[in-house]
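The values are calculated or read from the model by the stated rules, or taken from the named source; none is laboratory data. Here the structure is a predicted model, which means the values were calculated and not measured. Backbone-built Cβ (ideal geometry, glycine too); neighbour counts: all protein chains shown. The protein model used for the area step is the full one, side chains on, heavy atoms only, and it has no ligands, DNA or RNA in it. Shrake-Rupley method; radii C 1.70, N 1.55, O 1.52, S 1.80 Å.
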Amino acid sequence: MFKAKFDHVIHAPNRLQICSILTMTVEIEFKALREKLDVSESVLSKHLKTLDEANYVCLTKRTDFGRQRTWLSLTKEGREAYSNHVNALKAIVGNL
């Protein structure tokens, strides 16, 4: 029997929102994600570092129109971990 796994890395509110947003897109630019979350660059950077260290996100730097921009996406492991975490949360709250 499959048992969903609660993930303490993802569970922090900002990281849970980051993963949720990233599941709905192939990739998103750092600035756009920061604006969606309404957090500072340093707060977002800190959470992304934690997710990156867990190999849940991929950060890609590209130059667009002469400016370097950071693009973010969930890795396969990140998508799997997020899905497992959401299933674990559903199991906790039951069939409300």
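Structure values in brief
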read-out: The stretch 1-73: chymotrypsin sites (Phe, Trp or Tyr not before Pro) in DSSP coil with no more than 10 other Cβ atoms inside 10 Å; value: Phe2, Phe65
read-out: Heavy atoms of Ile92 accessible to a 1.4 Å probe, total area in Å² rounded to 10; value: 120 Å²
read-out: Potential lengthening between Phe6 and Gln68 on full extension [0.36 nm per residue; Cα-Cα distance subtracted]; value: 18.8 nm
read-out: Partners for Lys49 among lysines (Cα-Cα distance below 16 Å; same-chain residues under 8 apart left out); value: Lys31, Lys61
read-out: Nearby lysines by direct alpha-carbon distance to Lys90 (threshold 20 angstrom, same-chain neighbours under 8 apart not counted); value: Lys3, Lys5
read-out: Gained length - Thr60 relative to Ala91, 0.36 nm times residue gap less alpha-carbon distance; value: 7.7 nm
